[in-house]
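Everything on this sheet refers to the single structure shown next.
The values are calculated or read from the model by the stated rules, or taken from the named source; none is laboratory data. None of the values given here were measured: they were computed from a predicted structure. Backbone-built Cβ (ideal geometry, glycine too); neighbour counts: all protein chains shown. Heads up: the accessible areas ignore ligands, DNA and RNA and are worked out on the full protein's heavy atoms, side chains in. Shrake-Rupley method; radii C 1.70, N 1.55, O 1.52, S 1.80 Å.
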Amino acid sequence: MSTSALPPISPERTALLAMDFQNGIIARMPDSDALVERVRGAIADVRSAGGTIGYVRVAFTEDDWTAIPETNKTFSGIAAAKQFHHEDATARIDERITPEDGDVVVRKVRIGAGSTTDLHEQLSDRGIDTLVLAGISTSGVVLSTLNDAADRDYRIYVLSDGVADFDPEIHRVLVEQLFPSRAHVIDTTELRALLHHA
């Protein structure tokens, strides 16, 4: 898609969300090095244009594990296995894209970036009305956060080469068929062009 057909990005009202780029998740993703490098470049582009960078990670305290009911199909197994303790290396954000002072950083205990965090309050306090989404996985945190953000009336961009899934076919269907009905699907090169035309 030509960037001229896309709504402009105002960097001062935009946040790029890097979601679940943490050691215990990235390690399970094929070709993760290339993915992280693309996202690292997008973070640098948004940061240099004056935009906000937000980091989302899934991590639990002992109390969080205890509070997860058996009815939660996704997280009851994680709690039973005591995975992703908030102080464990598996829950640490990949060092190649480490947060900097002034970035938004939230810790979640469910799939979406906003349902168990104060992410949207922090973004609202900064006057953010546009989100650029990157994350693992496309069918998990990206889909859940996209739906929530759409309901909150954000302008949303999804980085087609900044999201990935453990199931390539699910990834393809979401990026090509579902996401375009709720967001502008662009790649990292198009993001750079949009930022430079801001």
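Between residue 85 and 60, the built amide H atoms are under 5 Å apart, and every one of these is 5 or more places off in sequence or on another chain. Amide H contacts under 5 Å for residue 157: 131, 132, 133, 184, restricted to partners 5 or more places along the chain or on a different chain, H placed in the peptide plane at 1.01 Å from N.
Of the solvent-accessible surface of the chain, computed with a 1.4 Å probe and all protein chains present, 47% belongs to carbon and sulfur.
Diffusion of segment 24-97 by Stokes-Einstein, at 20 °C in a medium of 1.002 mPa s and with Rh set to the Kirkwood radius over alpha-carbon pairs, works out to 150 µm²/s.
Accessible surface area normalised per residue over segment 2-116 is 49 Å², counting heavy atoms of protein chains with a 1.4 Å rolling probe. Where does helix 32-48 land angle-wise versus the long Cα axis of the chain, in degrees 0 to 90, nearest 10? Here the helix axis deviates by roughly 50 degrees. Convex hull of alpha carbon positions in the chain: directionally averaged projected area 10.7 nm². Calculated FRET efficiency, residue 66 to residue 150, Cβ-Cβ distance, R0 = 35 Å: about 0.60 to the nearest 0.05.
Converting phi to 3J(HN,Hα) with the Karplus coefficients 6.51, -1.76 and 1.60 and the offset θ = phi - 60°, segment 148-158 yields 5, 5, 5, 5, 8, 6, 6, 7, 10, 10, 10 Hz in sequence order, with x at every glycine or proline. Backbone phi angles across segment 123-137, fed through the Karplus curve with coefficients 6.51, -1.76 and 1.60 (θ = phi - 60°), yield HN-Hα couplings of 5, 4, 4, 9, x, 7, 10, 10, 10, 10, 9, 9, x, 10, 10 Hz in residue order; Gly and Pro are listed as x.
Across segment 26-142, Cα pairs under 8 Å and at least six residues apart give a relative contact order of 26 percent.
Sorted by average packing, counted as other Cβ atoms within 10 angstrom per residue and highest first, what order do 33-44, 123-134 take?
Going from most to least packed, we get 123-134, 33-44.
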